[in-house]
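The values are calculated or read from the model by the stated rules, or taken from the named source; none is laboratory data. Keep in mind the model is a prediction, meaning the values are calculated, not measured. Here the Cβ positions follow ideal geometry from the backbone for every residue, glycine too, while neighbour counts run over all protein chains shown. These accessible areas exclude ligands, DNA and RNA; they are computed on the full protein's heavy atoms, side chains included. Shrake-Rupley method; radii C 1.70, N 1.55, O 1.52, S 1.80 Å.
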Amino acid sequence: MTTVADAQTPLSLVRRRAELVRRVATVESVTTLAGTAEAPRYVRLVLRGAELEGFTSAGADDHLRFFAPGADGVLVLPEIGPDGPVQPAPGQPRPVSREYTPVAWGGTGEDATLTLELVVHAGGHASDWVVGAQPGDTVAVGGPRGSMLIEGTPAWYLLAGDLTALPAIRRHLAATAGAPTTVLVLVAGEEEAAMVSDELVLPAGASLRVLVDADVATGSTAALAEAVTSWTPPGDPAAGFAFVAAEQSIVAPAKARFSVLGVTTHVAKGYWRLGDDEHHAAH
Ligand SMILES: Cc1cc2nc3c(=O)[nH]c(=O)nc-3n(C[C@H](O)[C@H](O)[C@H](O)COP(=O)(O)OP(=O)(O)OC[C@H]3O[C@@H](n4cnc5c(N)ncnc54)[C@H](O)[C@@H]3O)c2cc1C
């Protein structure tokens, strides 16, 4: 139902800044959701600790920076000054971090927790670490530094991506409030497809299509691009919200499709880029 207030609020994306806070925590649990304990493909990581109290994340595709120890087991913590992260002095080790979407958080004191979900792939700093992660290991998070928020009430949603975007898709889905929603998720095989069907709780109005492409881990987004370029909005193209995130090669076809259709409120992001360590998505 469109209310008078909604009708007066044109749909737009607004950016909100947040104070950058560094929080040190310990690993509470590591659960393999796809793959095996020896060769996980998708992992849920729960962190715990008093510094997580007060953590919050306003936007569905927010990201935090996750600091994990390297192969030598050493965790280099970032320093945060009044103007943001402080660069280490020459010769000092550099903190290494990767971007992840906060999945769930809450609790107080030592019982405060934060949940992340990580795609495991060959040769990644965070990915390699999580394969051997144990309860009690020390890690840190920083941020989110800001959020992109939808102002107004979308009449429909397109939520599409590979497994790196599953946490953001799940968070967007929680806000669709019965609006017609197309969910497209790109996975590498049938086991991941079953996990996605199990993990995503589809609200009224939402339908899920899982696309299987064995070459996802080597950067193929062809099946997702094909699905996005054949998708049409279930109403006024300017009245809904489209979110697409996967390997960088999805960005150009997604933006081209939105431009042709006249979809004005959208996010199309490369959440990772083949061959690019420490990839930072354009914000
Ligand atoms: C806003 C935002 C939110 C994100 N949220 C999540 C999230 O919730 N969960 C999640 O798993 N990821 C998420 N990502 C993606 C994640 O940050 C990258 O995949 C990151 O590179 C993983 O770090 P790594 O240390 O494992 O690999 P890196 O050390 O950064 O990369 C090493 C190599 O691995 C390859 N690589 C990187 N990611 C993948 C992948 N997914 N599959 C196959 N090969 C890869 C690249 O070719 C790269 O050269 C998000 C990214 C952004 C920008």
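Okay, here's what the table says:
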{"quantity": "FRET efficiency estimate (nearest 0.05) - Cβ-Cβ, Ala71 to Arg94, R0 22 angstrom", "calculated": "0.90"}
{"quantity": "Cα gyration tensor, the chain - rounded (a/c under 1.5), prolate or oblate", "calculated": "prolate"}
{"quantity": "Förster-model FRET efficiency, 25 Å R0, Ser259 and Ala223, C-beta, rounded to 0.05", "calculated": "0.70"}
{"quantity": "Accessible area, probe 1.4 Å, largest first, for residues Val260, Val183", "calculated": "Val260, Val183"}
{"quantity": "Segment Asp236-Val21, length gained on full extension (0.36 nm per residue, minus Cα span)", "calculated": "73.4 nm"}
{"quantity": "Neighbour net charge for Tyr100 - beta-carbon separation under 9 angstrom, K R +1, D E -1", "calculated": "0"}
{"quantity": "Rounded FRET efficiency, nearest 0.05, which uses the C-beta distance separating Thr36 from Val14 and R0 of 35 Å", "calculated": "0.25"}
{"quantity": "Extension gain from Val212 to Thr56, taking 0.36 nm per residue of separation minus the Cα-Cα distance", "calculated": "52.8 nm"}
